[in-house]
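Asker: I am attaching a structure below and will ask some questions about it afterwards.
The values are calculated or read from the model by the stated rules, or taken from the named source; none is laboratory data. Being a predicted model, the structure only gives us computed values, none of them experimental. Cβ: placed from backbone, ideal geometry, glycine included. Neighbour counts: every protein chain shown. Only protein heavy atoms, including side chains, enter the accessible area calculation; ligands, DNA and RNA are left aside. Shrake-Rupley method; radii C 1.70, N 1.55, O 1.52, S 1.80 Å.
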Amino acid sequence: MFADNFKISLRQIRRLFILDIFGMSSLVLPGIFSAMTGADGIFCLLLGAAAGAVLLWLMGVNIKHIEDDYYGYMKDTAGQIIADVFMVFYFLYFVTLSGYVVYELTALTLSWLLPEGSFAGVSIVLLLLAVYGSVRGIEGRARVYEIIFWFLGVPLLIMLFFAIPEVNTAYWTPIAASGGPQLIRGGTSVLIFLLPFSAMLFLVPFCRKPEKMASCGRQALFVAVGLNGIIYLILLGAFGQNAMGVLERPILTLMGMINLPGGFFTRQDVLMTAVWFFALFALLNTGVFQGTLILKELCHESKHHYCLYAVAVAAFFIGKGLAEHRFLADIYEIYQSFIALPGMFLILLLLLLLYQVRTGNRSRKGAASSEEE
């Protein structure tokens, strides 16, 4: 079933990205959409998905030009200095993403699973597990999540099905009453949660069929956005706009309200928390792994794990800072909206432009040499 060749399949990549995108977005987006009128959050999801598809297209075009790895492609296309600047940009994105996930995952654990625990203790244990997962490599992590994917997905779909009777469709109206700026802000929020797809660029050496990764990413995009749309409509129909905006994690609250046939579970909300726990942990693993991979390239480290430990320590202090200082969360939101988001697009566009210029120059030189001969 599995091959020990340090390569992962497209199926494994698709499932990893579904978990990466779905976990965080389904926890946070309903609260953002609560500012919309009626079910207008659906339009934000569609806008964000369309922009995400463009981002994946840009990644796919660049991936076709990658011969060995993304860093080598950037050096060949833009030069050593610019490539290093781009790598620092990606490193900052993934290490801050790791810190933010540490904050959210630890808060989730303390609220629903270990209310008597401490932030430092829980976050350190989570990061140690993430470090262990990174040491085992992406193939081992892909195997684990391929196995548990349906163990998480099937209970979620069942619970959403039994939540349908709680929906009051009157809460979905009025539709298309939100202003354009609101829809754009909502769409931008959706797109920010799709930025972890950028990890795909660094997975080329690990994928058996890298030329098909962009298509695989689009499939993961549609699944994650579709699930978010279903969850949003159910939450809006069950709680209404105002209540959904007040609840800290409305999807987990909904899980505790669902009446299952037979009444076998009285605290299914705690059981279902495992879905988001493992999904967020998958994203934490992605952030730590990618941050380590990039830092190793920049520091030319190959045998030791100093870069991995550095990323884990940085993620811990970022998560701790976000938990203790609200203004840092505001700064992180600004960074995501005005630096990380446009930067992802600009880097890919610039690389494509420089690649076309470089190949054009080579073609002209080749034609000139042929004429001289």
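Asker: How about segment 212-226: which of its residues are in contact with a helix residue (DSSP H, G or I) (Cβ under 8 Å, 6 or more places away or on another chain) and within 10 Å of Phe22 (Cα to Cα)?
Answerer: Ala220, Leu221, Val223, Ala224, Val225
Asker: Determine which single condition Phe202 fails, assuming it passes every other condition in (1) at pLDDT 95 or above; (2) closer than 23 Å to Cys44 by Cα.
Answerer: (2)
Asker: I need every pair where a residue in segment 226-251 that is farther than 17 Å from Pro165 by Cα and among the polar types (S, T, N, Q) has its Cβ under 6 Å from the Cβ of a residue that is open to solvent by 10 Å² or more (accessible area, probe 1.4 Å) and not in a helix (DSSP H, G or I), sequence separation at least 6 or different chains.
Answerer: Close Cβ pairs (under 6 Å, with a partner that is open to solvent by 10 Å² or more (accessible area, probe 1.4 Å) and not in a helix (DSSP H, G or I)) amount to Gln241/Ser34.
Asker: Could you identify the single residue in Phe277, Phe222 that is surrounded by 17 or more Cβ atoms within 10 Å (Cβ to Cβ) and either in contact (Cβ under 8 Å) with a residue 60 or more places away in the chain or out of contact with any strand residue (DSSP E or B) (no Cβ under 8 Å at 6 or more places or on another chain) (or both)?
Answerer: Phe277
Asker: Next up: For the subset of segment 62-105 comprising residues that are open to solvent by 20 Å² or more (accessible area, probe 1.4 Å) and of a type in the set (S, T, N, Q), which member is modelled with the highest pLDDT?
Answerer: Once the filter is applied, the top-ranked residue is Thr96.
Asker: Let me spell it out: the conditions are (1) open to solvent by less than 10 Å² (accessible area, probe 1.4 Å); (2) within 19 Å of the chain's Cα centre (by Cα); (3) within 28 Å of Arg185 (Cα to Cα), and Leu351 meets all of them except one. Which number is the exception?
Answerer: Condition not satisfied by Leu351: (2).
Asker: Turning to a different aspect of this structure: Filter segment 110-127 for residues that are without any contact (Cβ under 8 Å) to a residue 24 or more places away in the chain and either within 15 Å of Phe281 (Cα to Cα) or under 21 Å from the mean Cα position of the chain (by Cα) (or both) and give the result.
Answerer: Residues satisfying the conditions are Leu110, Val122, Val125.
Asker: For the condition closer than 25 Å to Ile192 by Cα and more than 21 Å from the chain's Cα centre (by Cα), what is the one hit in Ala35, Ala53, Ala107?
Answerer: Of Ala35, Ala53, Ala107, the one residue that is closer than 25 Å to Ile192 by Cα and more than 21 Å from the chain's Cα centre (by Cα) is Ala35.
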